[in-house]
1. Can I get the semi-axes of segment 247-583's equivalent ellipsoid? Compute them from the C-alpha gyration tensor as square roots of 5 times the eigenvalues, in angstrom, largest first.
2. Could you work out how much longer the chain between residue 430 and residue 153 gets when fully extended? Use 0.36 nm per residue separation minus the Cα distance between them, nm to one decimal.
3. Quick one: check the C-alpha center-to-center distance for segment 780-850 versus segment 620-667, whole angstrom.
4. So how far apart, in nm, are the two label points at residue 516 and residue 799 if each is 7 Å from Cα heading toward Cβ?
5. In µm²/s, what is D for the chain at 25 °C and 0.890 mPa s, where D = kT/(6 pi eta Rh) by Stokes-Einstein and Rh is the Kirkwood radius from Cα pairs?
6. Give me the percent relative contact order of the chain, please, defined on Cα pairs under 8 angstrom at least 6 residues apart.
7. By per-residue mean of other Cβ atoms within 10 Å, what is the highest-first order of 748-760, 875-887?
8. On a 0 to 90° scale, report how tilted helix 906-917 is relative to the longest principal axis of the chain, with both axes built from alpha carbons and the result rounded to the nearest 10.
């Protein structure tokens, strides 16, 4: 509907819709003779329909008529038909007459109506003025003076909308002329330009509309389908005299501009040859952010989490977060030594956490800037997840205490899909942060790419329209306009708890970095930039002309900040070592110590008592809510769970239930997120039960398990991997005392989230000393279903592991835990429900946090042999990094001809084939459950156990995929390269699997036979 309405003026000078709007909007000016009712009836007989019909009512009726002409009264039908036929102004309306009126009387009445041109003209003029007001509200931003350079169109279009009055000759568009400029017109209720006045001369109406919508602020909001929100925005920007600032506010703004500008100039003087991605050209960003934080703090916010790319990052750290300047300056020292492993990233990527007093509101506020890689928008969902977690842990259900601010560049905001994915999380119940303020540093250029070549939308911010977020464009060289817009944005977020965008239209004084030469590609723009007077100087001159400050006061403010920088610079020379604690964005106070001492490198048993296992099993197999009707098939599933509990066994789903339920009892929040995780892609989980008779009535049994348990959150996500995985990573950052899991629908779907895995999960601790315990559940296995859902690409994860394949480690008492501490992440492929249960519990019981990658099964979810006994989960039991063969081979290990190492599902196929070939006493099969860090010690024990056996690695994946290239050199290091390690598996291939079922089975038969028979090898090792 809005698209039709927006295009109406572009089709021809007067369309049917405009005729309807003209007539309908005019009614605000007409005397009210009765109140409109919400039905499509005729007006009072013999009275003009103008008497009391509201604008929205008539437009609503028009759209109903388009769908069904019979849905409205005959008089409206005639009117709309005439308007659609192109009837000129004043002729579309035909007055409804009483029933039984003769044709001759009708003709007389119509004749009388057309004989009243003065009345008609008066009505049409008022309606035209209302259309004029609406045109400015919709399209005024297209002619706003947004570019500080005066050479670019922020919307990439130099044309002026036909319905915006730029000269008196354009009045004819509305059927008006110069003689109408001094006529007084009644204002509709959908505008606030009159202030307390209800009518204004046309000349003044146009002037006020230009002041509201066509100066240094351009407002996009008329696409919002909520009348209250539109009226709120109109009032903020149309009401005369609102954009006024006190003397104190102006002086504060100047001081902030001084700090923003002089900080960059100081760095340029001291380190002219260093990259710093400075803020020159958008110095007003600093007062913009501080204004948002001040206003939000005054509205009750005490925790703000920020994410941003590197442009202006050091300035934000210094002047918004208020990081010690010497800690920033010492980063420029090339001789600075690292205190620990976390010095692996440069200064304009690091994060920060600081709690301080907000001097404007005198309230405590915590500010966090999340570390970010060069993937400019990758941090967006991470910030949202961290914000959601902080809200969750402090009980902030409405987002009144914790909020997020995201900074963007114009090219990245328009070009990167993660922005869209993040916006679409903004109003989902389990992901909303109740409104984010987005600030776009709109340089009007990418690295070297002209925006006309970089986006197809008019503005870089158009992606925000998908969630009805208002967009405030503002000329960044007008600091007062910037401050006003930021105040409104903070109020919007506080009032409606929805996203809002501030588009700071600015320029980039230098190239992409300080070493870059922009004149190569943008000569005309940068010729103008060189002439451009700095915004600080322009604003200072403005205030001095107003008498708000003197030249001496201005110079003293500069001298004061320069002195602060110089003193910090002197102190920074004493810093010889980088202490990463100054750069943490998510500190976990108290987690790494116990009674003031570092925690020991040990992990207690992850087993549970029989009583706990039984209790969790009973809840898992029941419906703990009365009068709740579940699906018949689910009744059978729950009964099956109950039978397993009686038999003291668990399958995969029940093992997971046991792990989650026990952690909840211990006060550990568990959050499971992903596509279809509530039921489970393979219909195995069923953690959310749905009443079959009552819509939206659900039950989560796991939240009814213990009297004072932690909450369990299980939530289906949007069809996003990049955004949702980033969100869950951010959620896991907030607290170490939570088990946060993301499950891919199929394992290979994670590849659309590869940036989060590569930049944050794999290398996050090495770059930023940011431990994270997120768990990735990746359903993996070749089941003959084709290449698209057959591979989690385990080789990618293993290739990024930091353990050394050529070094056999020193084995100590705490070796198993110490290995985990030293690795960058943990990769496992469990073959039993009990081991899955243990690895989930171990993830929390470890004295540190590491990401955990689990290749979970598909067919094993219901495999009759893939079950575990309670005995494997009782106190004293642990996660088994390697499960040795405990069958007939242990009776005569010297007689074993071959030991086959494998992982995951292929174990069950190997044991079945081994039994079929009668080789249960000749071939030992050992399962490596934890692939990384590699269990060197346990593999050595297995090899030593069978001194005469050949060594084989078997996998169902192709040779260039899967685990082989990772496992083989580590096994050879374990045995000091004394024996070959044979390969049994599929041949190398480009695709993960064949799509032909018969080919799949033939391939499997071949590699199983190769794994169990010596003569199948051809000398490859």
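Read-outs throughout are calculated quantities, based only on the coordinates presented, and are distinct from any laboratory measurement. Remember, it's a predicted structure, so these values are computed and weren't measured experimentally. Neighbour counts are summed over all protein chains in view; Cβ atoms, including those assigned to glycine, are modelled from backbone coordinates with ideal geometry.
1. On the way: eigenvalues 155, 116, 102 Å².
Semi-axes, largest first: 28, 24, 23 Å.
2. Values: separation 277, 0.36 × 277 = 99.72 nm, distance 3.94 nm.
Here the segment from residue 430 to residue 153 would lengthen by 95.8 nm.
3. Distance between centres, Cα-based: 27 Å.
4. 2.9 nm
5. Working: Rh = 33.0 Å.
Translational D for this selection: 74 µm²/s.
6. On the way: 1883 pairs, mean separation 93.4, N = 1021.
After rounding, I find 9 percent.
7. Details: 748-760: 20.9, 875-887: 16.8.
The peptides rank, most packed first, as 748-760, 875-887.
8. Rounded to the nearest ten degrees, it is 40.
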